[in-house]
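The values are calculated or read from the model by the stated rules, or taken from the named source; none is laboratory data. Quantities reported herein were computed from a predicted structural model and do not represent experimental measurements. Here the Cβ positions follow ideal geometry from the backbone for every residue, glycine too, while neighbour counts run over all protein chains shown. In case anyone asks, the SASA skips ligands and DNA or RNA and just uses the protein heavy atoms, side chains included. Shrake-Rupley method; radii C 1.70, N 1.55, O 1.52, S 1.80 Å.
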Amino acid sequence: MSTSKGKFITFEGIDGCGKSTQVKMLVEAMNQSGVKTILVREPGGTTISEEIRDILLHRHLADICDRTEALLMTGSRAQLTYEVIQPNLIAGKNVIADRYYDSTLAYQGGGRKLDLDWLIKLNQFATYDLEPNVTFFVDVLPEEASRRKSKEKDRIERAGTELQARVRNAYLNLANRFHERFVVINGHDSTENIHGTILTELRRRKLFS
Ligand code: ADP
Ligand code: TYD
């Protein structure tokens, strides 16, 4: 796919870490400052991807095998990248994603123990090699995240804090491996402080003024 003009910023973390809150705050701040910005969330974001989301999180509750889960997650991502993310970046808009391909590496790699290098290749195929400019990993301990998400849990969240702990470790390893792209954020801080840290980092990287 052709060169992008907009900035592509992704947010990652275990369930309940507070990333959706930060994504909304950032999209609002960017739009208010006159930078046209859209929000996408995964899995989902197109008609086909939302149907895949429904299968993954709400229907067929326990009988999806790990490889099918990985293929459906990346299938949803391929459609979202092709239909929404890439065209908006080319049109010069910023795209903020509430989860992108690191979620597959952390959940299906770390969580479900599928081979990481194979998942990286699958992701490259699904995303037409589109990489984020920066990835914020909002880090909280699984116990705190679970407290924050005590209401209705989806199929993956119901798998419990043991899975979330493996996912968190996988994110920490990814942040280490891809240290130039990743920014680790202390998710135990207040929402306002986290928002401030994110804006500072974006300015430092010249992704926002
Ligand atoms: P995620 O998208 O990562 O699952 P949310 O942004 O939906 O998480 O936040 C989960 C819950 O935690 C929400 O009730 C939200 O209001 C609360 N929350 C978000 N950020 C913080 C924070 N920094 N400190 C305390 N609670 C938070
Ligand atoms: P969602 O309700 O969007 O959770 P959250 O508010 O925590 O982002 O549910 C998405 C779930 O799907 C979440 O448990 C993470 C999981 N997931 C994967 O396992 N692999 C993936 O590639 C993606 C995008 C999500």
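List of remarks:
- Span-rule helices in the chain, defined as complete DSSP H runs reaching 18 Å or more along the axis (Cα) with Kyte mean at least -0.5: 19-32, 66-80
- For the pair SER33 and ALA91, the difference between a 0.36 nm per residue extended length and the Cα-Cα distance amounts to 19.1 nm.
- Extension gain, LYS24 to ASP117, is 30.3 nm, computed as 0.36 nm per intervening residue step minus the present C-alpha separation.
- For region 8-204, the number of Lys pairs separated by eight or more positions or lying on different chains, with C-alpha atoms closer than 23 Å, is 13.
- Counting Lys and Arg as +1 and Asp and Glu as -1 over every other residue whose Cβ lies under 11 Å from the Cβ of ASN123, the net charge comes to -2.
- Against the rule of thumb 2.2 N^0.38 Å, how large the Cα Rg of region 31-93 comes out: 1.34
- DSSP assigns beta bridges within the chain; of those with both partners inside it, close to 0 percent run antiparallel.
- Rounded percent of accessible protein surface that carbon and sulfur make up, the chain, 1.4 Å probe: 50
- Shown here is the pair-distance distribution of the chain: with all Cα-Cα distances grouped in 10 Å bins from zero up to the longest one, the shares run 9, 36, 39, 15, 1 percent.
- Region 87-188: GluC sites (Glu not before Pro) in DSSP loop, at most 15 other beta carbons within 10 Å: GLU152, GLU180
- Label-to-label distance, nm, for residues given as LYS5 and THR68 (7 Å Cα→Cβ offset): 4.4
- Heavy-atom surface of region 67-135, accessible at 1.4 Å and reported per residue (Å²): 40
- Extension gain for HIS188 to GLU201 (0.36 nm times residue separation, less C-alpha to C-alpha distance): 2.9 nm.
- With contacts taken as Cα pairs under 8 Å and at least 6 residues apart, region 8-204 reaches a relative contact order of 32 percent.
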